[in-house]
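All remarks here apply to the structure that follows.
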Amino acid sequence: METYYRKVEKRCWPSLLKEIADFCGIKKNLTTHVARHTFGTTVTLANNVPLQDVSVMLGHASTRMTQHYARIMNSSLKEAMNNVKERLEW
């Protein structure tokens, strides 16, 4: 059975992500999946957080799934994230 909190969370996240996208000038439709993937790659791995710690943060049963996030990291992604960071620093 779904709790009230979970129902509210499902309704609030999309609007919050849309607000963030609008603020950052991002045209892509942000979803919780995209947010989770971004956290796993640019927020943690790009900042040298150990893979095993990222795995625990994301709730993965093993580091195998987290390694997928690490494989897609590259310099252009890190550069793009730095651009977003600069926009957020007022």
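The values are calculated or read from the model by the stated rules, or taken from the named source; none is laboratory data. A quick note: this is a predicted structure, and the numbers were derived from the prediction, not measured. Methodologically, a virtual Cβ is constructed for each residue, glycine included, from the backbone with ideal geometry; neighbour enumeration extends over all protein chains shown.
Worth a mention:
- Restricting attention to the stretch 33-73 and to residues that are surrounded by fewer than 13 Cβ atoms within 10 Å (Cβ to Cβ) and among the β-branched types (Val, Ile, Thr), the residue that is farthest from residue 18 (Cα to Cα) turns out to be 56.
- Considered as a group, the residues in the stretch 1-46 that are assigned to a helix (DSSP H, G or I), hydroxyl-bearing (Ser, Thr, Tyr) and closer than 29 Å to residue 63 by Cβ include one that is modelled with the highest pLDDT, and that residue is 44.
- Of the set (1) part of a loop (DSSP other than H, G, I, E, B); (2) at pLDDT below 80; (3) within 15 Å of the chain's Cα centre (by Cα), all apply to residue 90 but (3).
- Any hit, the stretch 47-56, residues being hydrophobic (A, V, I, L, M, F, W, C) and either touching a strand residue (DSSP E or B) at 6+ places or on another chain (Cβ under 9 Å) or at pLDDT below 85 (or both): no
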